[in-house]
1. What is the calculated FRET efficiency for A:Thr349 to A:Thr464, with r their C-beta to C-beta distance and R₀ = 41 Å, to the nearest 0.05?
2. Could you give the nm distance between label points at A:Lys223 and A:Ala492, where each point is 7 Å from its Cα heading toward the beta carbon?
3. Taking square-rooted eigenvalues a ≥ b ≥ c of the alpha carbon gyration tensor, is the range A:84-132 rounded, prolate or oblate, where a/c under 1.5 means rounded and, failing that, a/b exceeding b/c means prolate?
4. List A:Trp487, A:Trp251, A:Trp262 from most exposed to least, where exposure is judged by having the fewest other Cβ atoms within 10 Å.
5. How high is the FRET efficiency between B:Asn8 and A:Met386 when r is their beta carbon distance and R₀ equals 51 Å, given to the nearest 0.05?
6. Going by how many other beta carbons lie within 10 Å of each one, how would you line up A:Val75, A:Val177, B:Val37, fewest first?
7. Each label point is 7 Å from the Cα along the Cα-to-Cβ direction; what then is the distance between the points at A:Val6 and B:Val41, in nm?
8. Can you give the average number of partner chain beta-carbon atoms within 10 Å of each beta-carbon in peptide B:168-175, as a whole number?
Amino acid sequence: MLEAIVGGLDMLLTPQAMVFMFIGVVYGLIVGILPGLGGIVAMALLLPFAYGYETAAMLALLLGAHIATIWGSSVTGILFKVPGAAKSLALIFDGYPLTQQGHAARALGASATAALMGGILGAIFLAISIPIVRPIMLFLGPSEYLMMALWGLTIIATFSEGSLLKGLVAACIGVLVAFIGMDPVTATPRFTFDSIFLLDGISFPVAMIGLFAVAEMMKLYVKGGSILDRDVIAQRSTVMDGVKDAFRHWWLVARSSLLGVWIGILPGIGASVGGIAAYAQAVQTSKTPERFGHGAIEGVIAPDATVGANEGGGLMPTLAFGIPGGESMAILLIAFVSMGITPGPQMMTNHLDLVFAMIWIIVLANAMTTVIGLFASPYLARLPAMNANIMVPLVLSVCFIGAFATRGHIEDIIVAAIFGFIGYIMEKYNYSRANMVIGMVLAEMVERSLHISLSLYGDTFIFTRPITLMMFLFIILTTAMPFYRNWRRDRAVAPAAGEGE
Amino acid sequence: MNRLTQENILAVALLCFFVAILVASLEYGPRARLVPVPISVLGILLLGAQLVWQNLRSPDELHVDMLEFLTRRGINPVEKAKAEDASSDGDTPETAKTPGAAASEEPGFKQEAFAFGQILALAGLFLLFGPFPSVFIFTFAHLSLSRHYHWAKALVVTTIFVVVVYVLFAEVLDIQLYHGVLEPLVNNY
């Protein structure tokens, strides 16, 4: 194995591979910052240019671009409350309040460092996990996946933006919106009103552009001024403060990275769930959960570490079984086929050096992204100070083109506008937009896993599958934990208050 | 129209949405409606509870966080102050939206109508002319009509912006762009 680790690094340390990785990272950062376009688009657009070069160089270009888009989409989430992709959604909960308080540079620094640490820890966890991962992957079934999706939904109970009742209503709306289109299980068109466009369903990136970007620009136009509050003129912290924050919360980074790797390993779950689950565990394990949602730096660190580590995990099912861990990994599979590499169990024996080369790419691309990101952060942090009169037309224009570019359908412009109105109204009346997106992201996974579980294991599958039952109990336990903790705290405070009187 | 009436109208509209979804779902097969029916029923129940909740409390308390109420979080003023201090790390003002602030900073209907109108205008321009002419018209109109820039400077800024956007999307990313419903008419002449 040690030989494969060194061999993997050796494959990468060629001028061509390093230059390709740098090009991929810079390109990925630009694409990541553009709303609606994420790692999948970046890799798909690069694919035609990647043929005819060294294998390691091609992989460095594709994976480098993909890794960099992750941090790129975090930037817009933190600065403008516009998550570039669903996986960056959790960053808006605390990243944007930090920006409003004049801590944008610190948030960006923490985000970049956490993503790097997550990427490195994820790669280490992955390397250690390779021998034990296969049996576990084969052991988990759809009912366990259902429990993981439900765990992601528990964040709705632990993170409230206004009212819990309204938050739950928003999540229900999100789930129902996700059902628009062809039902993949029964091939029934649902809520399509005979529209061919709606058969494909509502695109998540377009819905997010509407709900967050368009709605935020409407809000900014109505409010006037700039995103930064008037009393916050200069930045109150530096990028280095954010770097130190990430190191100070090393245990949170380690936990979140491990979570990211395992969520990545399980095919079909994706980093979107990972970011949300990481945020949930950060809230649930914090001694001061009430700080979350108001600018807690841990709320930035945990999701970024998870998403950074997730890519390493996503490689495992892609390479070991030929099952893509996510959409971006499906594009990587296409690249493998074009290179004459057949993913499968033999990949772990015959091409182990290539597997480690990809793990090294993740580490090095993360490092490059972080270095560029740390240098760029002080300049990026100034953007929210831009006046609404300039920002509104520029951001709206880019968002609408991004919405169109997502699928090439002009109807997506109308969808983005409609979701913009919905997002504005939800924001105004405190119906959590984040909960709606969480509902949208998890709906398909919940429905698919539920259908398969019922078919395979019967109606009482929760009680007949021991792992499922354990996970179900774990969900109840982690959801009840903040309530229990508050109850205990109140009990401890009550006698003290009585003595004070 | 006061805030409570607005909240009630929105809640009733959402209730109608969930009822409509429930009715539509009942037409599908048992497997296709397995999740949509319980979710829409849950939505109806939640909105019923929300309507009762918001009408039984005073309008000033509409923004009370349900989780805070359930967990009694924030009831203790010492705890609340500690949380606020912690969230701002002791050296920054609390800028996150507070219930009182939300109620006092109600935006005017005219401004909201303008904001809605802008989105409709931009979407309409996209449909008519395609992305780049629309971006040019919208950005130039916004920059000059808001009087942020003199029209000449607005023209320069708009041109640079449109060129950058064009290079990025059409040249670098090679995205096939829509040309608008008016293109066939223009081509005819």
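1. Efficiency, rounded to the nearest 0.05: 0.70.
2. 3.6
3. It comes out prolate by the Cα gyration axes.
4. A:Trp251, A:Trp487, A:Trp262
5. Numbers: r = 38 Å, r/R0 = 0.74.
That pair, B:Asn8 with A:Met386, gives E of 0.85.
6. Result, fewest neighbours first: B:Val37, A:Val177, A:Val75.
7. Distance between label points: 6.5 nm.
8. 5
Since every read-out is calculated from the coordinates, none of them should be taken as a lab result. Worth saying up front: this structure is predicted, and the values here are computed from it rather than measured. A quick note on method: Cβ atoms are made from the backbone with ideal geometry, for glycine too, and the neighbour counts reach across all protein chains shown.
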